[in-house]
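Shown next, in structure tokens, is the structure this report addresses.
The values are calculated or read from the model by the stated rules, or taken from the named source; none is laboratory data. Keep in mind that what you see is a predicted model, and the values were worked out from it rather than measured. For neighbour counting, all protein chains shown are included, and Cβ atoms are generated from backbone atoms with ideal geometry for every residue, glycine included.
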Amino acid sequence: MTESETAHAAGAASVRRAEDGRASVPVLEMRNIAKRFDATQALEDVSLTLYPGEIHALLGENGAGKSTLIKIMTGVHQPDRGEILLAGKPVTIRNAAESQRLGIAAIYQEPLLFPDLNVAENIFISHQDRGQVVGWREMFRDAEAILAKLGVALDVRSTARGLTLAAQQSVEIAKAISLNVKVLIMDEPTASLSAHEVAQLFKLVRDLSDQGVAILFVSHRMEEVFDIADKVTVFRDGQLISTRPRSEATPQNSITDMVGREMGLLQPRPPTPQGDLLLSVRGLGKEGVFEDVSFDLHRGEVLGFGGLIGAGRTDIGLALFGIEPATAGTIVLNGTEVTIRSPGESMGLGIAYVSEDRRQLGLSMPMSISANITLPTLRRYLNRFGLIRTAMERATAEAFRERLSIRTASVDLPVAKLSGGNQQKVMLSKWLNTKPSVLILDEPTRGIDVGAKAEVHTMIGELAAEGIGIILISSDLPEVLTMSDRLLVMREGRQMAIFDREDANQESVMTAAMGQEAASEGGVAA
Amino acid sequence: MNWLQRYVRPEQVRELSLLLLIIVAVIVFGSMIDNYYTSRTFNRIASSVAIITIVAVGQTLVVLTRNIDLSVGSIVGCTAYFTGTLLAQNNDLHPLLVVLAAVALGSVLGAINGVFVAWGRVPSIIVTLGTLAIYRGLLVDLSGAKTVTTDSLPSWLVDLPRVNLFAIGEFDFRAMFMLALMIVIIFQVGTSFLALGRRLYAIGSNPDAAKLIGLPIKRLVFLTFVLSGALSGLAGFVTLARFGNITVEAGRGLELEVVAAVVVGGVNIFGGSGTIMGAMLGAIMIGILEQSLFRLQISEFWRDALLGLLILLAVASDAVILQRLRSLWARADLKFIAKPPDDGPAPERRAPP
Amino acid sequence: MSALGRLKSWEGLLLALLVIIVAVNIEHSPYYLGVGNIVNLFQLSIEKIIVALIMTLVIINGEIDLSVASVMGLAACVLAWLFEMGTPMPLAIVGGLLAGLAAGLFNGFWVAYVGLPSLAVTLAGLIGYRGIARILVEDHPIGNFPEWFNLVGQQPLIGPVTVSIVIFALLFVIIAITLHSSALGRLVYVIGNNLQAARYSGIRVRLVKMTLFGASGTIAALAGILYAARLGSVRGDMAAGFELDIITIVLLGGVSIFGGSGNLAGVGLSILVILNLRNGMGLASITGNTQTSVIGALLILSVLVPNMAQTISNKWNGRET
Amino acid sequence: MKKYLLATAALAMAVSINHGVQAQAMAKPGEALDMVLLPKFLGILPFDQAHQGAQEAAKELENPTPLQFLGPTPENSVAGQIEITTNATTQGVAAIMISNNSGDQIVPAAKAAQEKGIAVVTWDSPIPSAEGEDVFVAQVDFSETGVVMADMALSILGEDGGKFAILSASPDAANQNAWNAAMKEALKGEKYAKLELLDTVYGNDQSEESYNQALALVDKYPDMELIMAPTSVGIVAAAKAMQDEDLCDTVKTSGLGVPSEMLAYTMNGCAPEFALWSFVDLGYLTYQTAYAIATGALKAEEGASFKAGRMGEYTITKDPTRDAGLRILMGPFSVYDKDNVEAAAK
């Protein structure tokens, strides 16, 4: 207890110093850090300095060493070599609790909440100084105050179970803020946030940095990085490649540093000629979730679903895929009216849904790549005794490995061993193998690195060119704008507008998504 | 209603649905059995659930952290027997000391479980399945098949089950029932108002996150096993007082009854949710079913079949009621929504279609 | 350590244990290696190990079936009851099997379609099915089955090998192939380690669960009938309490109680370890609670020792645990 | 060793035949016989007393091979008894003495033992069909048990009679069922016309369940005056339940119980009368019988008699309580009350 008090006091002191002169004393210094896991050199001689009040972006493909560095800062891993200095004094960080005491907190891409505890408890769970007795009333009040500061309306009494990812992320941020940290690590905090929420978050991040908190910001969204960062550091293959002030860094040179080669920025997908009408949805609804959704999807068309998280876009996908069947409306596929009550029926009709949540809903992590790929189509791989033809299975997996360039030593490895981007490709393979005519992609590039993202985008273009009708659900506005032929915008379970490609831009989409005087142009497809 | 929904969450009224079921059961049985609504029925059920309830409290703590303790029956047997033997040899031991001895022995046995689970990293079901056999085996070997007999015990102990703390009309509130009730209240308060208690929920709810934020998982899991052992020890003492004669068979099979009470009481067997109160209601539910079936004019041979069916129906209807409650809440729940800039209060959730 | 490596080491450990136990038994008892004893070794627990095979699938699937022993008793009692009412024995056997199937499907219904935890459902089944068995036979044992029926349980079929052992061997092969090479087996694993991912892959999770519980009930019934044939008489308490032994065998075989991992080779080895250990202790006149204590200790140690060894080797290599 | 045994047995048999069947068989002490005493399960007093008695006999008979006292755990009683019998058969012991808890289910295992020339003697509880069993050492006459229980009921309830219920062990216990049946039979007699049996319930030899069942009986039958529990677990639990509920004045407890366990309740009037036989003697007699049969001194057939050490002479007769089977009847009952229970409890 006393230890943490002193830590807080020290924290306050350093903040004051920081206000006097920014670049004076680094709040955190990592010197010549090296870390090896078995055969992999995860980090090699990395030195990184964080100053009070700076927003320091960390870029790099998955596996470049960013996560390892973060885990060393938060005490999850110990470095093999090198030293860590906090306010000029060398420290050892043995575990997460210790790193918190030292004033370092981290927010991860996958929120680590306690689903059975309520929001307020989740915010204050790591507070050692709130005493042994829980003062519920005061805890709820404090939690509400912190959330209000964040501009988030959230019932602090409800359990975290069932909160949307964005809401969970808000709780994580509130948690970090409540700790009065000196160094805040944000590992892809925006991955599951919509544009508006990102703006909110950034305002908050700037507030924090004004108060002297050093922020280490990891993101794969280039435009965000250049929106907020003071400094940009790029990692590649366990090494620190470059650290540039914002004024010198450009998206182009950062990407070059990341991939080690020249690479283009996000380019609009060339429009493909639209084919026949494939899917026609009218008045689709599910009680209490979404209502009156109508749209058409043609062969070779990419129909984007935009809007805020929790607007009901995923729920439409789930209804079409039969996980949570719709309770109202009609679905006409290839000219025939169909009812979809289960995923099996939906798959039989040629619909595939690639879930937003790879870990929980998409893949069976301990199972092999090939087993995951053939899972929905297992019937095709059985011999006449009902046994699995493993050679055939492997051949399919190898074909996809080639086609989608899945980077792995073998298709027999468990998918848990793959990076996020490669896992996403396994997901895609799994569903492409069902040879769908309608492919629903839910946040297909969330949390994957730039290179993999570009590959997924190319893939989407190719699939559309092959005549598949694609529904692309994405909170990444630039992505959905560049990839879609038309864009359907949802707000709170209602369809706000369908934009044609030329009418869709950041403002028009956001206006519709926010529900402020729905754009007149575009209009709802009849 | 809105105000109520704001302050009372479906997870907290989990017990409400069980209470509802208990009332239904009492009404149904009351219409089938003569003289059912008497103090006698109350007294029977109250005293028959005392032992199960005490053990179920400890079990709940363990289950909350995503573990299970199957050795409780053997711990109850060991403590009942060895405390009995100790008391038979020293009849003038102070009662408090006797209780302490039982609790201490239970704690030690629980601590052994805890060490294996927390630091040995052996899954709790394996550890306690093992110690279930080992503790019983030790008891049989060490006892040399002797029996603790009632006449060797001091009279204060033998008469303990008869001691009434107070009575409201004909409703007796006996010492043992009150002891169980007290334990329930203490631990219910502890798990809702102590940081320590809330951390047990945290561990069971998301062990990875618990580890990441640096909760002392091992120590807490160890603690729950010690507490489970201690409470089983206390239950062993109650068993000794209640039955007087203690053979090495005492408490055998108790683990299944306790797990049944905990499960019927709505404690999630995979950790993280459920309450001490719920476990007690689960024990009471099963107690009511058993006691009432004894009294029904049905063949002795039909009892188990009916009991099994009723437990199943209790669990099922409980799940259905709970789901109803949840959806009721969800409908009126504040939906999470990012607050639009300078737009006053969060927008109301749209009206249902 | 990879999941595969850990699995291999688990089976290696069981194999080493088995070798030690066999060596001690040979050293200790001159009767151990007799053909009759080896047959008895299996025969005395044959019903439990038959049920352990299907329990392996149920647990890998992420569920548990505590009602198996009661279903064994129920099937035997249904058979005896039908027989006593004058039903021809073959029909009575079919009746017993159908009772088991029905009991299993009943469990499955509540788990798969109502969504109740299998622990709660089968705990109720444990009490309830035993109760139905009780209703059928009340307090009188039923025996005097046709001679051929008793012979099925007691007489050797091939050499010294009995029908039950042959059935066990066949089931072992069938279930091993099902689990490791068939579509059903694949689905059992997938559902066991990520039920939601399975649902989102269009797998008919409920059907798989119904199939498993149905199979569990049927195989338990088969075991119960074999038990009746071996003992030549049926009582209401047949096989009571077997569930814990059965689950112990499966867990010692390296199957995770949380589902998703484990294999039949491990369970096969675990069966051999436990049977040989019991037999050895029996021949050394160690019985009753001492025997169960030793098996209990073995269960704990078999997980504890490798864990400790790993901790120590990690410390040795200077890595964090 | 087996050859040696067989030879000895043959020799002994020859000797006994030479001496004529009428001559009282007397086992020759000092034979090295591996003998197994198999109770229903380990850990409770009556079986331990039987073990004491058997040890006493072993000492008297100077058997150099120690007696094996092997038993299963209660929850695994049936399978455990079969397993122990089978393993003992594998080891080729000379005699197995079984307190059978497995009904006819033990028959195949017992038959296998007999086929290997092992003497199978049951005690306390027989094999109902008598298959696979040489002889049953009966503690008391099972029909007499019914009469004794009826008499105790009459003596407690008085000439005016009254209503009572049976709290039995488990529905599967052969001896319990036989006693209950015998009691119902006895109740048909004129003498007991005023006794009314209300119900039979089972406490499964578990304290908790027996205790609850006893109370449930009180609630279910408000005019019940006596609980008859022919089980040592049940009788104590019932007596304690009545004591705890202050019901000892209105509802008495009786049945079969162990004196040391019943002392308190007999003295305070909760259980004024109960009965039992000596388990020490039963163990002693069982060992004597099994030893005599294994050595060939006694042939397991009707009419054969032998001298069982300190307990004197016994003759094998047909068992009247079973359709088939032989028995040696020990007897008699000891009925305990205030006057003699203290001495017996020592």
In region D:253-287, the residues that are polar (S, T, N, Q) and crowded, with 24+ Cβ neighbours inside 10 Å
D:T253, D:S254, D:T266, D:T286
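So that you can scan it fast, the table gives a plain yes or no per residue for (1) over 23 Å from C:G62 (Cβ atoms); (2) more than 11 Å from chain B (Cβ to nearest Cβ); (3) modelled with pLDDT of 90 or more:
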| site | (1), (2), (3) |
| --- | --- |
| C:G217 | no, yes, yes |
| C:R230 | yes, yes, yes |
| C:G253 | no, yes, yes |
| C:T290 | yes, no, no |
| C:S293 | yes, no, yes |
| C:L304 | yes, no, no |
| C:Q310 | yes, no, no |
| C:K315 | yes, yes, no |
| C:R319 | yes, yes, no |
Among what's in region C:210-239 and is of a type in the set (S, T, N, Q) and touching an Asp or Glu at 6+ places or on another chain (Cβ under 8 Å), pick the residue that is surrounded by the fewest Cβ atoms within 10 Å (Cβ to Cβ).
C:S233
List every residue pair whose Cβ atoms lie under 6 Å apart, where the two residues are 6 or more positions apart in sequence or sit on different chains, the first residue falls within region C:128-142 and is within 15 Å of C:A240 (Cα to Cα), and the second residue, located anywhere, is of a type in the set (V, I, T).
C:Y129/C:V71
Restricting to strands (runs of 3 or more DSSP E) lying wholly in region D:108-180: which have 1 or more residues that are within 14 Å of chain C (Cβ to nearest Cβ) and closer than 25 Å to D:P46 by Cα?
D:162-168
What's the number of the condition D:R322 fails, among (1) charged (D, E, K, R); (2) assigned to a loop (DSSP other than H, G, I, E, B); (3) free of Cβ contacts under 8 Å to residues at least 60 places away in the same chain; (4) over 26 Å from D:A343 (Cα atoms)?
(3)
Could you list, in sequence order, the residues of region B:193-215 that are touching a residue at least 12 places away in the same chain (Cβ under 8 Å), under 18 Å from A:V133 (Cβ atoms) and among the aliphatic types (A, V, I, L, M)?
B:L196, B:L200, B:A202, B:L215
Restricted to region C:95-109, and to residues that are crowded, with 24+ Cβ neighbours inside 10 Å and hydrophobic (A, V, I, L, M, F, W, C), which residue is farthest from the other protein chains (Cβ to nearest Cβ)?
C:A99
Restricting attention to region B:157-172, the residues that are under 27 Å from the mean Cα position of the chain (by Cα), more than 8 Å from every other protein chain (Cβ to nearest Cβ) and in contact (Cβ under 8 Å) with a residue 40 or more places away in the chain number exactly 5
Could you give every pair whose Cβ atoms fall below 7 Å, whose first residue belongs to region C:143-158 and is in contact (Cβ under 8 Å) with a residue 60 or more places away in the chain and at the interface with chain D (Cβ under 9 Å from one of its Cβ atoms), and whose second residue is assigned to a helix (DSSP H, G or I) and not basic (K, R), counting only separations of at least 6 or pairs across chains?
C:G143/D:D104; C:N150/C:A229; C:G153/C:S164; C:G153/C:L226; C:G153/C:A229; C:Q154/D:P108
Quick one: which residue in B:S317, B:S273 is farther than 30 Å from B:L220 by Cα, surrounded by fewer than 24 Cβ atoms within 10 Å (Cβ to Cβ), within 14 Å of chain C (Cβ to nearest Cβ) and polar (S, T, N, Q)?
B:S317
Report yes if some residue within region D:67-76 is under 20 Å from D:A308 (Cβ atoms), of a type outside the set (V, I, T), part of a loop (DSSP other than H, G, I, E, B) and more than 9 Å from chain B (Cβ to nearest Cβ); otherwise report no.
yes
Is it the case that A:M510 is within 14 Å of chain B (Cβ to nearest Cβ) and either assigned to a helix (DSSP H, G or I) or buried (at least 23 other Cβ atoms within 10 Å of the Cβ) (or both)?
yes
Residue under question is D:D249, and the condition is that it be surrounded by fewer than 23 Cβ atoms within 10 Å (Cβ to Cβ), more than 10 Å from chain B (Cβ to nearest Cβ) and free of Cβ contacts under 8 Å to residues at least 24 places away in the same chain; does it hold?
yes
Just for region B:22-40: of the residues that are assigned to a helix (DSSP H, G or I) and at pLDDT below 85, which one is nearest to the other protein chains (Cβ to nearest Cβ)?
B:R40
Within region A:176-193, track down each residue that is in a helix (DSSP H, G or I) and in contact (Cβ under 8 Å) with a residue 60 or more places away in the chain.
A:A176
Residue in region D:195-202 that is within 14 Å of another protein chain (Cβ to nearest Cβ), among the β-branched types (V, I, T), in a strand (DSSP E or B) and over 20 Å from the mean Cα position of the chain (by Cα) present
yes
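Conditions (1) of a type in the set (D, E, K, R); (2) more than 29 Å from C:L275 (Cβ to Cβ); (3) in contact (Cβ under 8 Å) with a residue 12 or more places away in the chain; (4) surrounded by 22 or more Cβ atoms within 10 Å (Cβ to Cβ), marked per residue:
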{"residue": "D:A50", "(1), (2), (3), (4)": "no, yes, yes, yes"}
{"residue": "D:A57", "(1), (2), (3), (4)": "no, yes, yes, yes"}
{"residue": "D:Q81", "(1), (2), (3), (4)": "no, no, yes, yes"}
{"residue": "D:N87", "(1), (2), (3), (4)": "no, no, no, yes"}
{"residue": "D:S99", "(1), (2), (3), (4)": "no, no, yes, yes"}
Hey, any hits in region C:77-85 for a residue that's within 14 Å of chain B (Cβ to nearest Cβ), crowded, with 22+ Cβ neighbours inside 10 Å and modelled with pLDDT of 95 or more?
yes
Only one of (1) within 14 Å of chain A (Cβ to nearest Cβ); (2) within 23 Å of the chain's Cα centre (by Cα); (3) surrounded by fewer than 22 Cβ atoms within 10 Å (Cβ to Cβ); (4) of a type outside the set (A, V, I, L, M) does not apply to B:D208, and that is (2)
Being under 23 Å from A:L117 (Cα atoms) and either surrounded by fewer than 23 Cβ atoms within 10 Å (Cβ to Cβ) or within 14 Å of chain A (Cβ to nearest Cβ) (or both) is the filter here; which residues of region B:238-270 pass it?
B:G266, B:V267, B:N268, B:I269, B:F270
Return yes when A:K182 is basic (K, R), in the same structural domain as A:I146 (by TED's automatic domain parsing) and within 22 Å of A:H127 (Cβ to Cβ) and no when it is not.
yes
Here the residues within region C:184-202 that are under 16 Å from A:T377 (Cβ atoms) and not in a helix (DSSP H, G or I) are C:S201, C:G202
Count of residues meeting criterion [surrounded by fewer than 20 Cβ atoms within 10 Å (Cβ to Cβ), assigned to a helix (DSSP H, G or I) and not small (G, A, S)] in region C:24-45:
8
Considering only region A:313-364, how many residues are buried (at least 24 other Cβ atoms within 10 Å of the Cβ), over 24 Å from A:I448 (Cβ atoms) and either touching a Gly at 6+ places or on another chain (Cβ under 7 Å) or of a type in the set (K, R) (or both)?
3
Residues that are buried (at least 23 other Cβ atoms within 10 Å of the Cβ) and free of Cβ contacts under 8 Å to residues at least 40 places away in the same chain, drawn from region A:459-484
none
